[in-house]
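*Asks:* This is the structure I have questions about; it appears just below.
The values are calculated or read from the model by the stated rules, or taken from the named source; none is laboratory data. Since this is a predicted model, take the numbers as computed values, not measurements. So basically every Cβ, Gly included, is an ideal-geometry build from the backbone, and we count neighbours across all protein chains shown.
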Amino acid sequence: MKAEERKLFKEIASILWNDWDPIGVNDGENEWDDEYDSYVPHIFRLTLEGNDASRIAQSLSSSIEQNMGLSALVQHDLKVARKIVEAKVRIFG
């Protein structure tokens, strides 16, 4: 994995932990920040493949509904997906 890819991968993990957090485990004091790490590879791949924020948000929402059994907040997922796409643009240019 190239340096830029590693940076994006870490950035996605951070965004999922700090901004997405659909089950609300990030209380700002929790040192265990790996709750959503299993979702990072798929979102990373979607991002590298050039998918737009809407497609990434769909995947995030689907994960919430299918894997966590919760109702997705579509607008929130779209906001998070936009941050992910912005991170890719910032890192890769």
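*Asks:* For region 56-85, give me each residue that is over 12 Å from the mean Cα position of the chain (by Cα), surrounded by fewer than 18 Cβ atoms within 10 Å (Cβ to Cβ) and on the phi < 0 side of the Ramachandran plot.
*Replies:* S62, E65, Q66, N67, M68, L70, S71, L73, V74, Q75, listed by residue number.
*Asks:* Only one residue in I15, I23 is touching a residue at least 12 places away in the same chain (Cβ under 8 Å), among the β-branched types (V, I, T) and in a loop (DSSP other than H, G, I, E, B). Which one?
*Replies:* One residue alone meets the criteria, I23.
*Asks:* Any idea which of (1) closer than 19 Å to G24 by Cα; (2) free of Cβ contacts under 8 Å to residues at least 40 places away in the same chain; (3) among the charged types (D, E, K, R) is the one K83 doesn't satisfy?
*Replies:* Tallying (1) closer than 19 Å to G24 by Cα; (2) free of Cβ contacts under 8 Å to residues at least 40 places away in the same chain; (3) among the charged types (D, E, K, R), K83 fails exactly one: (2).
*Asks:* Just to be sure, is K79 within 18 Å of M1 (Cα to Cα), basic (K, R) and at pLDDT 95 or above?
*Replies:* The answer is no for K79.
*Asks:* Mind counting the residues in region 1-13 that are surrounded by 15 or more Cβ atoms within 10 Å (Cβ to Cβ) and either in contact with a strand residue (DSSP E or B) (Cβ under 9 Å, 6 or more places away or on another chain) or among the small types (G, A, S) (or both)?
*Replies:* Matching residues across region 1-13 total 1.
*Asks:* For residues that are in a helix (DSSP H, G or I), out of contact with any helix residue (DSSP H, G or I) (no Cβ under 6 Å at 6 or more places or on another chain) and either under 20 Å from K10 (Cα atoms) or polar (S, T, N, Q) (or both), tally how many sit in region 64-91.
*Replies:* Number of matching residues: 7.
*Asks:* Surrounded by fewer than 19 Cβ atoms within 10 Å (Cβ to Cβ), modelled with pLDDT of 95 or more, not in a helix (DSSP H, G or I) and not small (G, A, S) - does that describe any residue in region 28-45?
*Replies:* no
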